[in-house]
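Notes follow the structure.
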Amino acid sequence: MRNIREIHHILLDKETRQLVITNSDQAKLDLSSSESIITHGIIPELYPEYLGDRAFQQAHNTRFCYVGGAMARGIASAELVISLAESGMLGFFGSAGLSLKRLQSEINTIKIKLGPQGLPWGMNLIHTPNEIELEGAIVALYLKNDVRKIEAAAFMGLSKAIVHYAFKGLSQDNNGNIVRMNHVFAKISRPEVALHFLTPVPSKILNDLVAEGKLSEMEAKLGKNICLAEDITVESDSGGHTDGRPLGPLFSEILQLRNKLSTDFGYNIWPRLGAAGGLGTPTAVASAFALGAAYICVGSVHQSCIESGISSDAKKMLAGAGLADVTLTACADMFEQGVKVQVLKRGTIMPQRGNYLFSLYQNYKSIEEIPEKDVLKLEKEIFKAPLKEIWNETEAFFKRIEPSQVKRAATDGHHKMALLFRWYIGKSSQWPIQEIKERQLDYQIWCGPAMGAFNNWVKGTFLEAVENRTVEQVALNLIEGAAVITKANQFKSYGVSVSEEAMCYTPTELKLN
């Protein structure tokens with residue numbers, strides 16, 4: 001990797017009172033050439049491995065404080081997770097929206113490759129309050145397969161399933177310290193949600209799990225003394241579900257909350273805070289570490305990597321995105337609540353169509369109320385089939401996975417309309433993965449502004465071409481560049497005048513050593 005790691009000397013010219021910097025070898029020459037130059041200070045070498053929290057690396061057996069976020073439907077693929085692990089990082093498989101059978105297959109793939117090496121990896125657990133049994137089944141699958149790390153997403157509160165996972169296998173070492181077998185990375189974007197993961201778990205949940213035979217008395221007793229998660233990923237403006245909040249204020253508020261609660265409850269180990277959202281350039285990564293992040297979590301830019309589970313067509317669309325080429329549209333899982341997701345808008349008209357469907361839902365109480373001209377538009381341009389045909393498919397789907405939805409739709413025309421419209425929004429997120437070319441204009445690609453910033457940064461370099469975007473090269477360049485910028489800022493903090501060129505980092509092919 002590029003050599004920015006030398007020890008640098010800050011030299012003071014007593015005659016001009018100017019500070020200059022040199023590396024170790026140059027310092028010897030400068031000191032011997034002039035009696036007016038003295039050493040003013042020494043800045044030690046800086047490795048990318050030094051960014052973040054050493055405790056994170058020790059807890060999760062990583063070389064770098066770098067995490068690949070779990071992008072749903074297998075976009076964060078097994079291949080991506082494996083590559084990150086082999087590069088000294090941690091990746092989470094994108095489990096959301098996949099069957100238990102598919103999850104078992106992906107776990108097998110990862111374990112076969114990484115198990116013998118003892119390298120770190122994890123799976124996603126997305127909260128499904130309308131399908132509590134499914135959430136429990138996924139946790140059971142993870143425990144059965146010794147999945148030791150999960151990224152928990154969309155949890156507005158705690159469920160018994162996630163507590164079961166987090167506290168199963170709790171024990172004490174010879175010094176009385178509580179040892180976790182399983183680790184939860186809680187992805188949050190609001191202080192009120194962070195509270196659930198930073199405070200002790202309610203006794204009722206623990207008692208219920210003991211009564212159900214899922215936790216032992218000892219595990220529940222130990223669980224009363226710790227919080228659910230020791231790693232909290234603070235997610236700012238990002239792809240997919242997002243509150244659109246800037247990282248600086250959000251991270252600062254969660255940091256203060258973490259500090260207060262850790263002191264109040266007397267935790268021996270304070271939960272670590274990671275940073276996510278908007279991290280598409282070395283400058284952004286360096287700023288996240290400067291805020292105090294123990295680790296960074298990258299999502300959007302990984303989608304355009306070779307190992308990503310999204311199609312080649314979608315990757316090319318992502319590679320052409322600019323900073324402003326993202327927008328909000330209706331989402332499938334929380335359609336009726338009006339929740340939006342951030343998606344790519346360049347090269348697709350799905351965002352407009354998703355919002356159009358939601359406007360119809362707001363303005364009419366049933367499918368029958370929709371004006372004929374709008375029905376024709378729906379059938380010809382969006383669904384590309386008669387609404388009756390789409391409803392038959394939708395009805396059959398929900399009869400298999402959640403019959404109560406069909407029962408409700410039989411007497412609630414507004415709910416039936418929501419289920420029908422969710423067909424398109426749900427399918428639009430599958431088409432870019434399946435590479436349904438005739439539906440390219442309807443691709444729903446979850447994406448944040450980091451993608452555009454990344455594309456601008458790599459323009460004119462080897463990473464501009466999608467075929468060169470391995471997740472290892474993307475990750476190494478981001479964190480190496482962040483180290484370069486961090487060291488340049490160190491010089492500034494000592495009062496040295498540093499050229500703006502020192503704050504620039506151009507991607508280059510890197511090798512681990």
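What follows draws every value from the coordinates through simple rules; no lab data is involved. Predicted, not measured: the structure shown is a model, and the values here were computed from it. Note that we place each Cβ from the backbone using ideal geometry, even for glycine, and neighbour counts take in every protein chain shown.
A few comments on the model shown:
- Amide H contacts of Phe185 (H built 1.01 Å from N, under 5 Å, at least 5 apart or other chain): Ile150, Glu151, Ala152
- Per-selection Kirkwood Rh - region 49-309 (Cα, Å, 1 d.p.): 18.4
- Of the trypsin sites (Lys or Arg not before Pro) found in region 323-397, those that fall in a DSSP loop while having at most 15 other beta-carbon atoms within 10 Å are Lys365, Lys384.
- Tensor-based shape of region 85-180 (alpha-carbon gyration tensor, a/c under 1.5 rounded, otherwise prolate or oblate): oblate
- When every Cα-Cα distance of the chain is counted in 10 angstrom steps from zero, the calculated P(r) takes the values 4, 17, 26, 24, 16, 8, 3, 1, 0, 0 percent.
- Region 315-442, relative contact order in percent, only Cα pairs under 8 angstrom and at least six apart counted: 27
- 23 Å Cα-Cα reach of Lys260 towards lysines, excluding residues that sit fewer than 8 places from it in its own chain: Lys187, Lys224
- Scanning the chain for GluC sites (Glu not before Pro) lying in DSSP loops with no more than 13 further Cβ atoms inside 10 Å, the longest uninterrupted stretch between such sites is 213-508.
- DSSP bridge pairs, the chain: antiparallel proportion in percent, nearest 5: 45
- Cβ-placed point charges (K, R +1; D, E -1), dipole of the chain about Cα centre in debye, nearest 20: 780
- Share of Cα-Cα pairs in region 339-491 lying beyond 20 Å, as whole percent: 62
- Proximal aspartates and glutamates relative to Lys160, as straight alpha-carbon distance under 20 Å, when same-chain residues fewer than 8 apart are discounted: Glu131, Glu133, Glu135, Asp146, Glu151, Glu192, Asp208, Glu212, Glu217, Glu219, Glu230, Asp231
- Unit charges at the beta carbon, dipole of the chain: most positive-side option, Val406, Gln430, Val474: Val406
- Taking every DSSP bridge with both residues inside region 217-353, close to 45 percent are antiparallel.
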